[in-house]
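The values are calculated or read from the model by the stated rules, or taken from the named source; none is laboratory data. Worth saying up front: this structure is predicted, and the values here are computed from it rather than measured. For neighbour counting, all protein chains shown are included, and Cβ atoms are generated from backbone atoms with ideal geometry for every residue, glycine included.
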Amino acid sequence: MPRLRDPRNFRCTWRLEAQAFRRGCRWIAGCDEAGRGALLGPVYAAAVILDPARRIRGLDDSKKLAPEVRAELDAEIRAKAIAFYVAAVPAGLVDALNVFQASRRAMIQALSALSPAPDFVLTDAMRLSGWSDPPDFTVPYRAIVHGDARSVSIAAASILAKVARDRHMLELDRLYPQYQLAKNKGYATPEHLKGLAEHGPCPEHRRTFEPVKGYCLPLFPFHPTEPASKPYLR
């Protein structure tokens, strides 16, 4: 069995895009999602067509980058890309579809909104077509394992999706400060789980995800650990 490469050892380059250019493709889009593993909030996806004549230094998997670096690259991508689009699928639809299909839908929404339309797509290990669930996707594409660490186009999409979702989490933090979303971005950190145990789920929680699901079961109604009338002090 072949050894899996450590994603930290990949280099983010134009190599995959260059292969597509040599096959005659002109508009090559990278696509990636953010927030698939969170307990709360939408799944975001972004699609980007980079301009090979306007290279952007420092593109890499968004998870490797500091927040301030992501923010700077987000602005540069938006200024230099030929086309980009960010889409989101809300938590209720994540529950209705399942998180994988919700991620696929967000990615297809972002890709479908690009102008010019891509003639080839690189995704971060996401299969876009061949499912029984709509929508189907007819543009040729290639799903790349650890694509956000190997392709500049996928990396750019991962940065746009991550920055957009993190900014939305800051907005939700103002509405639901008890979960400390500005800090944990909706993921299952100890402070988020503590807020969930003390206050129960909010409308933005994904009801099909554990442990949120456990607080929604009718056989186990949620009872706050503190009186419901006590105000939350930030």
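Worth pointing out:
- Test: residue in the stretch 99-120 that is farther than 21 Å from Arg206 by Cβ and of a type in the set (Val, Ile, Thr): no
- For the stretch 175-196, the candidate set comprises residues that are closer than 24 Å to Glu72 by Cβ and without any contact (Cβ under 8 Å) to a residue 40 or more places away in the chain; within that set, the residue that is surrounded by the most Cβ atoms within 10 Å (Cβ to Cβ) is Asn184.
- Residue in the stretch 118-132 that is surrounded by 16 or more Cβ atoms within 10 Å (Cβ to Cβ), assigned to a helix (DSSP H, G or I), aliphatic (A, V, I, L, M) and at pLDDT 95 or above present: no
- Filtered residues of the stretch 25-59 (kept if crowded, with 24+ Cβ neighbours inside 10 Å and of a type in the set (Asp, Glu)): Asp32, Glu33
- Given (1) modelled with pLDDT under 95; (2) surrounded by fewer than 15 Cβ atoms within 10 Å (Cβ to Cβ), index of the condition Lys64 fails: (2)
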